[in-house]
Amino acid sequence: MRYFLIFFLSIFYFTNLYAENLELFKFSEKELDNLKVRKIRGAKSLTDYSLGSNDRGNFLRAEVENGGSGLGKEVSVDLNKTPILNITWKIEKDLSGIDEKSKKGHDFAARFFVVKKTGLTPLSNKAINYVFSSNEETGDFWTSPYTKSSIDYVLSSTKSDLNKWVTVKTNVKKDYKKLHNLDINILDGVAIMADTDQSKKQSISYFQNIYFSVN
């Protein structure tokens, strides 16, 4: 996990984009081919990302066992215009019974990174790791056991919503102030990830309709 985060914090240098609703992913074949893929160092396998659709549009399916990899998206977000992150996601098979706050249990069936470039080196940047937890309660947060530069923040939990589509919202600008004590205007990158390299378990999850909005 640590090596993926270092990579993730280092790859985003973008131009500004803006729309009233800033769609981050279309979940199309063309897009999937162009996303940056980064395997977690030491993981036995990559996360298997595939596409599907339902009455709400396209979605991304993520299945992994004893492995993990992330998908990075090059996009810049003006948080003064569109501060609200919207995610619809589902976990079909979770990772119950692990300690997600520890290095040995730091796995999530579904997670979504946002990052702000704040210095000259990757590890000086600040990330928020929004997670669909298998063990903790919604609203809980803690510093990553791998780096103080990233905060894990539970937006959904399978303790209440296993195998259900859940739509969540969060104000990223306010979250950076709350979690990192930073006033930021421009967000510098995002990534989807599902990983089980620590627990060696299997997980299955889905992502859909990820975008930034005014409210």
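Values computed for the structure shown
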read-out: Ser53 being loosely packed, with under 14 Cβ neighbours inside 10 Å and more than 17 Å from Lys200 (Cα to Cα); value: yes
read-out: Long-range neighbours under 7 Å by Cβ, at least six apart or interchain, first residue in a strand (DSSP E or B) within the stretch 141-168, second among the basic types (Lys, Arg); value: Trp142/Lys101; Val166/Lys90
read-out: Among the residues listed as Ser156, Ser102, the single one being among the small types (Gly, Ala, Ser) and surrounded by fewer than 19 Cβ atoms within 10 Å (Cβ to Cβ); value: Ser102
read-out: The stretch 84-134, subset in a strand (DSSP E or B) and polar (S, T, N, Q), residue farthest from Asp195 (Cα to Cα); value: Asn86
read-out: Strands (runs of 3 or more DSSP E) contained in the stretch 19-81 and holding at least 1 residues in contact with a helix residue (DSSP H, G or I) (Cβ under 6 Å, 6 or more places away or on another chain); value: 36-39, 68-73
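Just so you know, all these numbers are worked out from the coordinates, no wet-lab data involved. Note that this is a predicted model, so its numbers are computed, not measured. Here the Cβ is made from the backbone with ideal geometry for all residues, glycine too, and neighbour counts use every protein chain on show.
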